[in-house]
1. Suppose the filter is in contact (Cβ under 8 Å) with a residue 60 or more places away in the chain, surrounded by fewer than 24 Cβ atoms within 10 Å (Cβ to Cβ), of a type outside the set (Lys, Arg) and within 30 Å of residue 24 (Cα to Cα); does residue 79 pass it?
2. Would you confirm whether any residue within segment 191-201 is out of contact with any strand residue (DSSP E or B) (no Cβ under 6 Å at 6 or more places or on another chain), within 30 Å of residue 42 (Cα to Cα) and of a type outside the set (Asp, Glu)?
3. Name the residue that is surrounded by the most Cβ atoms within 10 Å (Cβ to Cβ), counting only residues in segment 135-163 that are among the polar types (S, T, N, Q) and modelled with pLDDT of 95 or more.
4. Mind checking whether some residue in segment 104-119 is outside any loop (DSSP other than H, G, I, E, B) and closer than 23 Å to residue 322 by Cβ?
5. Which residues, counting only those in segment 1-47, are open to solvent by 30 Å² or more (accessible area, probe 1.4 Å), modelled with pLDDT of 95 or more, more than 30 Å from residue 208 (Cβ to Cβ) and among the hydrophobic types (A, V, I, L, M, F, W, C)?
6. Answer with yes or no whether residue 259 is of a type in the set (A, V, I, L, M, F, W, C), more than 26 Å from residue 186 (Cα to Cα) and open to solvent by 40 Å² or more (accessible area, probe 1.4 Å).
7. List the number of the failed condition for residue 50; all other conditions in (1) open to solvent by 30 Å² or more (accessible area, probe 1.4 Å); (2) more than 20 Å from residue 15 (Cα to Cα); (3) in contact with a Leu (Cβ under 9 Å, 6 or more places away or on another chain); (4) not β-branched (Val, Ile, Thr) hold.
Amino acid sequence: MPAYITAMGRFLPGEPVPNEEVEDYIGVIGRATSNLREQTLANAGIKTRYYAIDKNQQTRYSNTRMAAEAVRAAVARSEIQLDDIDLIAAGSTIPDLIAPGMASMVHGELGNAPCEIVSTHGVCNSGMMALKNAYLQINVGEKRNAIAVACENPTRSFKSIRNSDVRPVDEEGSLALEMAFLRYMLSDGAGAALVQDRPASAGVSLRIDWLTLTSYANTGDTCMYFGLPSNTSTKAWWDYDTPADALADGALSLRQNLALLPHLVKVGIDEYERLLAAGRFDPHTLRWLPAHYSSERMKQMVLREMARRGTPGPPVDVWYSNLPQVGNIGCASIYVILEEILSQGLVNPGDTMLCMVPESGRFSVSFMHLTAVTAGGEG
């Protein structure tokens, strides 16, 4: 049975924060850390982003609240009510709680009628895991509709008041590079997709033709992580005598090993080529390639490697990202991109899209092929 994205919603907290105000929110941690700001933002191409904390570094919106608001926005654009939801699938990199799961908290926040729930966990592909669960349940006829929602709130882990006791790497109190640059790279927000067994009666829906999630964890060391002081350590945050000891040793800091990022480019293109060879899509007929990537520099690395390999790809102007305007919101990024494409009327019946989400955690890649349709016909 076909599955269709019939409505989407997003929630971006507060007002857009320009580059020059970033440290007004997350604070300053050593001169060397601040010196990274301009370089990081230049590479990323980010101009504004959204924060769920205020300038006093106090939380304004929880992950759960943002996710629920995105769901409400999607349902408001749909032909169903909250109590009609059959399934909530929710994903996040760092949910509000260790337990219970993210989906349970979102369901409680929404207060809708009893329904099935599933929580997915990972890094940037957490949202695609949730969406695939929703897609498959519709596809096999288990559910009539499902909400997939993804949310990120990493800013809480970047606050200077939280990191004041983390062991510095120099006498000025600056953080290690693998922690410091993420403070300027990541931001907060949520996106939601309503998936149904039929297109919406009016407007354009997106038929999910297929969705792949492929792990390449067997091919390299952990790249992005939260819970270890280093990617070679065997001492997880649970193993410290106290939470304060874990925090001081950096085991409760989000990190990314920059030296391993070229491997993400490699496996991402490997997976693209695998799907292309299998005839899963035609790069020359794509209307858009909605792509989640952490920085414009990363996109250029992908394009250069594709050119070096001679890999057929769509024209550069087919790539679609809103990274400069909304920032890098991890697993919620692809949802917010698709919401923008739909709300701005950028697709017509018959248009196809290939969504791409690479995850650096321990390397995984997701692709999703969509076709724009209407209730009156398949394109």
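1. no
2. no
3. 153
4. Narrowing segment 104-119 to residues outside any loop (DSSP other than H, G, I, E, B): 104-110, 116-119.
The next check asks that each one be closer than 23 Å to residue 322 by Cβ; those that pass are none.
So far as segment 104-119 goes, no, none of its residues is outside any loop (DSSP other than H, G, I, E, B) and closer than 23 Å to residue 322 by Cβ.
5. If the condition is that a residue be open to solvent by 30 Å² or more (accessible area, probe 1.4 Å), modelled with pLDDT of 95 or more, more than 30 Å from residue 208 (Cβ to Cβ) and among the hydrophobic types (A, V, I, L, M, F, W, C), then no residue fits.
6. Details: of a type in the set (A, V, I, L, M, F, W, C): yes; more than 26 Å from residue 186 (Cα to Cα): no; open to solvent by 40 Å² or more (accessible area, probe 1.4 Å): yes.
No.
7. The failed condition is (2).
Each row is one residue, and each column tells you yes or no for (1) without any contact (Cβ under 8 Å) to a residue 60 or more places away in the chain; (2) among the basic types (Lys, Arg); (3) buried (at least 19 other Cβ atoms within 10 Å of the Cβ); (4) not in a helix (DSSP H, G or I).
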{"site": "247", "(1), (2), (3), (4)": "no, no, yes, no"}
{"site": "263", "(1), (2), (3), (4)": "no, no, no, no"}
{"site": "269", "(1), (2), (3), (4)": "yes, no, yes, no"}
{"site": "311", "(1), (2), (3), (4)": "yes, no, no, yes"}
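The values are calculated or read from the model by the stated rules, or taken from the named source; none is laboratory data. Treat the numbers as computed from the prediction; the structure is a model and nothing was measured. Cβ coordinates were reconstructed from backbone atoms using ideal geometry, including for glycine residues, and neighbour counts include every protein chain displayed. The area values use the complete protein model at the heavy-atom level, side chains included, leaving out ligands, DNA and RNA. Shrake-Rupley method; radii C 1.70, N 1.55, O 1.52, S 1.80 Å.
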